[in-house]
Structures are given as structure tokens and as C-alpha cells.
1. Do we have any residue at all in the range 92-108 that's of a type outside the set (A, V, I, L, M), more than 27 Å from M2 (Cα to Cα), open to solvent by 70 Å² or more (accessible area, probe 1.4 Å) and out of contact with any Gly (no Cβ under 7 Å at 6 or more places or on another chain)?
2. In the range 84-117, which residue that is among the acidic types (D, E) and outside any loop (DSSP other than H, G, I, E, B) is modelled with the highest pLDDT?
3. Evaluate the range 24-42: report whether one residue or more is open to solvent by 30 Å² or more (accessible area, probe 1.4 Å) and among the polar types (S, T, N, Q).
Amino acid sequence: SMKFNGYLKVRIGEAVGLQPTRWSLRHSLFRKGYQLLDPYVTVSVDQVRIGQTSTKQKTNKPTYNEEFSATVTDGHQIELSVFHDTPIGYDDFVANCTLHFQDLLRSAGPSDSFEGW
């Protein structure tokens, strides 16, 4: 399989359609209303975290427009994960997505950039 060697720049734009977690529903002050999260996104390459966005308060459609970069050696995949920032204990997992460098390299155009998830 193709591995990626080079400089990676990832821009996190926004997340849409995030679902409330059990924790957030249980600790909601607005028990009947639609539950809003305090989401942030982590960016990892082969299980090594290269960045984390700021936390956006009370929204299931956060906009970040934050950029992260790293030099990658023999890269296999990028993982984007969304977490709900909880006041106590571990943060709540909301969603994730894995992008394989092999697929990105195949679909990259002459500009060598890829827009996806």
C-alpha cells in the first residue's frame, strides 16, 4: 500500500449534524430540548495526535477554520475525531472518520490537495 512522506497541512472547516451523547443528554439542563454539544476535533496521523481545535460552546454545527501541519514519514492514515468537552472525567466521543493516504494520493489532482469529509 502507498505510504505518504512529506508535509501535511490539514484545515478543519466545520462539523455538521453532530448527535448528542448519552452523557450530554443526562447532564442537560434543558431535558426536553434538543441537546447541544461543546465539540472539538482532534487530528491524528497513525495514532499520533498532531492537532486539536478549540472547543466551541453549545453547538452541533461548529465552525473552526483552524489549520494543523506536520511532517509525515511513512504515513498510512489520518483520523479526525469529534469529542464533547465534559467538565469532569473523560471527554465524550461523538464521531470519527479515517482517511487513508493511499486514497487521498490517488484522488489528488494536479494541485496535490484534497477536499473531503
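1. Looking for residues that are of a type outside the set (A, V, I, L, M), more than 27 Å from M2 (Cα to Cα), open to solvent by 70 Å² or more (accessible area, probe 1.4 Å) and out of contact with any Gly (no Cβ under 7 Å at 6 or more places or on another chain), one finds at least one in the range 92-108, hence yes.
2. Taking the range 84-117 as the starting set, the residues that turn out to be among the acidic types (D, E) are 85, 91-92, 103, 112, 115.
Now narrow it down to the ones that are outside any loop (DSSP other than H, G, I, E, B): 92, 103.
On the way: D92: 93, D103: 88.
Per the stated criteria, the residue is D92.
3. Checking the range 24-42: not a single residue is open to solvent by 30 Å² or more (accessible area, probe 1.4 Å) and among the polar types (S, T, N, Q).
One line per residue, one yes/no per condition, for (1) in contact (Cβ under 8 Å) with a residue 40 or more places away in the chain; (2) more than 23 Å from P20 (Cα to Cα); (3) open to solvent by less than 10 Å² (accessible area, probe 1.4 Å); (4) in contact with a Ser or Thr (Cβ under 9 Å, 6 or more places away or on another chain):
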position	(1), (2), (3), (4)
V45	no, yes, no, no
V48	no, yes, no, no
Q52	no, no, no, yes
K56	no, no, no, yes
K61	yes, no, no, no
Y64	yes, no, no, yes
T71	yes, yes, no, no
Q77	no, yes, no, yes
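The values are calculated or read from the model by the stated rules, or taken from the named source; none is laboratory data. It should be emphasised that the depicted structure is a prediction, and the values quoted were computed from it without experimental measurement. Cβ atoms come from the backbone with ideal geometry, glycine included; neighbour counts cover every protein chain shown. Remember, those area values only see protein heavy atoms, side chains included, never the ligands or the DNA or RNA. Shrake-Rupley method; radii C 1.70, N 1.55, O 1.52, S 1.80 Å.
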